[in-house]
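Have a look at the structure below, then the notes.
The values are calculated or read from the model by the stated rules, or taken from the named source; none is laboratory data. Note that this is a predicted model, so its numbers are computed, not measured. Here the Cβ positions follow ideal geometry from the backbone for every residue, glycine too, while neighbour counts run over all protein chains shown. Ligands, DNA and RNA are stripped out before the accessible areas are found, and what is left, the full protein with its side chains, is counted by its heavy atoms. Shrake-Rupley method; radii C 1.70, N 1.55, O 1.52, S 1.80 Å.
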Amino acid sequence: MSASVPVIETSRLVLRGHRLDDFDAHAALWADPVVTRFIGGVPQTREQAWVRLLRHMGMWQAMGFGFWAVTDRQTGRLLGEAGFHDLKRDLTPSLEGTLETGWGFVPDVHGRGIATETVSAVIAWGEANRPGMRMTCLIDPANTASLRVAGKNGFREVARTTYHGAPTILFERR
């Protein structure tokens, strides 16, 4: 299945399709309370991480876009994930039909520019392969690091709303 996911390379990273052998590292990523603090607020169980991994794999098949596994170019270590999805969220204003951009990384790479580098590469792919599709993202107002990443990559606030009872900011890239 990963063969249909394009590979993107940057100076430090390789973005590739998720594989089943990524599961243990993927599950550890989403079980980390630092990672989930602003993404759902609660560490995920192995079962929840499994469903997330399968969703990422299936999004490419169903939509022709999705999330990439972000790996260290030198070591191959899974550092996180980033990409696009359309989750049919129960949210006003709606994000349906947009390239909802998201990212999450292991804590030991936070603050090293990995997220900015990754999101920039993801956006370039989106612009080349889905021209004209709106790019959006949702960010917890307290997530200052992701707010900076979004700003550096051209996202601007368009609305403040709530999602699952928590405040969130909707951004669009223009």
Report, please, the projected area of the chain averaged over directions, based on the convex hull of its C-alpha atoms, in nm². 9.2 nm²
Could you check how much of the accessible area of the chain is carbon and sulfur, as a whole percent, using a 1.4 Å probe? 53 percent
On the principal axes of its Cα set, how long, how wide and how thick is the range 15-81? Give whole Å, largest value first. 31, 29, 20
Could you give the accessible area per residue of the chain, probe 1.4 Å, as a whole number in Å²? 49 Å²
Dividing the helical contributions, -39500 (n - 2.57) per DSSP H run of n ≥ 4, by the residues of the chain yields a 222 nm value, nearest 500 deg cm²/dmol, of -10000 deg cm²/dmol
The range 18-174, dipole about Cα centre (Lys/Arg Cβ +1, Asp/Glu Cβ -1), debye to the nearest 20: 360 debye
Please list the helices of the chain that count as membrane-span-like by this rule: a mean Kyte-Doolittle hydropathy of at least 0.5 together with Cα atoms stretching 18 Å or more along the helix axis, each helix being a complete DSSP H run. 114-129
Would you please classify the overall shape of the range 1-54 from the alpha carbon gyration tensor, given that a ≥ b ≥ c denote the square roots of the eigenvalues, rounded means a/c under 1.5, and beyond that prolate means a/b larger than b/c while oblate covers the rest? oblate
Quote the convex hull volume per residue of the range 89-173, based on C-alpha atoms, as a whole number of Å³. 96 Å³
To the nearest 0.05, how large is the calculated FRET efficiency for Arg46 and Ala124 if R₀ is 45 Å and r is the Cβ-Cβ distance? 0.85
Taking only the alpha-carbon positions of the range 87-128 and ignoring solvent, what does the Debye formula give for the base-10 log of I(q)/I(0) at q = 0.17, 0.19 Å⁻¹? -0.63, -0.72
